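A short write-up of the structure that comes next.
The values are calculated or read from the model by the stated rules, or taken from the named source; none is laboratory data. Just so we're clear, the structure is a prediction, and the values are computed from it rather than from any experiment. Quick reminder, even Gly has a Cβ in these numbers, built from the backbone with ideal geometry, and neighbours come from all protein chains shown.
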Amino acid sequence: MAAAVGQEIAVAHEAAAAHAAAAGHEKAEGQQHPVAIYLWIWVLLFVFSTFSYLIDYFHLHGYLRWSLIIIFMLLKASFIVAVFMHMAWERLALKFAILVPPLCLLVLIGLMAIEGDYTFLTRLASFLH
Amino acid sequence: MAESAVTTTEASTSALPGLPGVVADWSGDKNAFPVPWGKAMMWIFLLSDTFIFTCFLTSYMNVRISTTVPWPNVSDVFALDIGGRRIPLILIAIMTMVLITSSGTMAMAVNMGYRRRRANTTALMLITAAFGAIFVGMQAFEWTKLIVHEGVRPWGNPLGAPQFGSCFFMITGFHGLHVSAGVVYLSVVAKRVWSGFYDRKGSYETVEITGLYWHFVDLVWVFIFAFFYLW
């Protein structure tokens with residue numbers, strides 16, 4: 001499924017380039033892509049959301065639950081950013097400028113997770129005494 | 001003004017691809033980002049908004065890890081009785097579907113805009129705004145249920161850890177504010193599309209920029225849904 005979508009994106013890209021070339025000196029229109037690709041992504045988002053909901057509905061637990069939640073979340077987020085927000089068709093300079101800075105946030109998340117564990121243990125120790 | 005924009009776009013399509021392209025775009029004596037300035041600014045605003053929402057979600061993670069009181073069963077808190085059956089988290093599932101539907105109609109609105117179909121673009125943007133309004137309405141219902149019937153407050157709740165209330169109101173409140181602002185934003189731009197403003201201007205890029213904002217609101221909900229409601 002993902003490969004098919006990747007191919008769709010590539011095809012759409014070529015189509016857009018061909019369209020731009022055909023337009024020649026006419027007014028170049030920014031992000032114009034076939035409707036089919038949006039409909040595909042739309043369907044996929046519904047499917048992934050339904051799966052996410054079913055994880056909760058069927059009371060999956062433990063590592064299976066957490067990994068499935070994260071996988072569906074990342075799939076949905078990537079498809080929204082790549083296709084709906086047209087990031088897949090932007091130049092690499094803009095992709096880097098927008099997508100690299102949020103990686104700093106991973107440091108914040110890591111630090112706060114450690115801090116949370118520490119606070120929890122401190123509270124346990126102090127409440128038990 | 002319009003001519004220079006076209007020239008920039010044409011120059012960029014013939015520029016280098018990949019990593020050498022990044023160096024060329026940033027070091028050349030030209031615009032680093034070959035997109036309309038409004039789009040670049042919207043992306044940078046969304047980047048800053050990403051940091052804000054991550055701060056909220058990270059602080060939620062922190063207090064949830066560190067609290068010694070059990071966290072309320074979220075699946076049960078947001079359940080609804082439909083047809084005599086209690087279905088867990090169904091309200092949030094419906095809200096998610098509403099937001100995804102609106103994201104799809106917004107994507108189609110952008111597409112129709114670039115095809116210069118004024119009526120279709122206006123209609124799709126108004127439908128998107130309507131779905132956004134429905135989402136906010138459902139959120140108002142959810143808040144009323146929690147505040148009035150369950151007695152949840154930002155400083156505590158009878159269901160378990162008091163941090164649940166503060167995180168819930170802060171995160172969903174800030175997101176709901178974004179959706180509400182988006183509904184106004186969409187309506188204003190839809191009115192301008194209908195009036196032919198962008199036909200006269202010669203470009204529908206504003207519709208795409210509005211779309212960026214709307215898709216971001218949906219994007220944030222993906223993370224809130226995963227971390228706050230499913231975790």
For segment B:152-210, enumerate the residues that are farther than 27 Å from residue B:96 by Cβ and aliphatic (A, V, I, L, M). B:193
In the set B:179, B:136, the lone residue that is surrounded by 21 or more Cβ atoms within 10 Å (Cβ to Cβ), under 27 Å from residue B:97 (Cα atoms) and within 13 Å of the chain's Cα centre (by Cα) is B:179
Of the residues in segment B:52-81, those that are farther than 29 Å from residue A:58 by Cβ and either basic (Lys, Arg) or out of contact with any helix residue (DSSP H, G or I) (no Cβ under 7 Å at 6 or more places or on another chain) (or both) come to B:52, B:55, B:59
Among residues belonging to segment B:203-224 that are within 7 Å of another protein chain (Cβ to nearest Cβ) and under 18 Å from residue A:109 (Cα atoms), point out the one that is surrounded by the fewest Cβ atoms within 10 Å (Cβ to Cβ). B:223
Being more than 14 Å from chain A (Cβ to nearest Cβ), within 30 Å of residue A:98 (Cα to Cα) and part of a helix (DSSP H, G or I) is true for just one of B:174, B:164, B:227. Which residue is that? B:174
Identity of the residue in segment B:193-202, more than 10 Å from chain A (Cβ to nearest Cβ) and of a type outside the set (Val, Ile, Thr), that ends up surrounded by the fewest Cβ atoms within 10 Å (Cβ to Cβ): B:200
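Among the listed residues B:144, B:210, identify the single one that is more than 27 Å from residue A:38 (Cβ to Cβ) and hydroxyl-bearing (Ser, Thr, Tyr).
Within the list B:144, B:210, the selection yields B:144.
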If I ask for residues that are over 19 Å from the mean Cα position of the chain (by Cα), more than 16 Å from residue B:142 (Cα to Cα) and free of Cβ contacts under 8 Å to residues at least 40 places away in the same chain, which ones from segment B:87-118 would you list? B:112, B:115, B:117
From the set of residues in segment B:79-104 that are at pLDDT 85 or above and among the small types (Gly, Ala, Ser), which is surrounded by the fewest Cβ atoms within 10 Å (Cβ to Cβ)? B:79
With the condition kept exactly as written, say whether any residue in segment B:135-156 is in contact (Cβ under 8 Å) with a residue 60 or more places away in the chain and among the polar types (S, T, N, Q). no
Matching residues in segment B:24-40 - criterion: being more than 7 Å from every other protein chain (Cβ to nearest Cβ) and touching a helix residue (DSSP H, G or I) at 6+ places or on another chain (Cβ under 8 Å): B:30, B:31, B:36, B:38, B:39, B:40
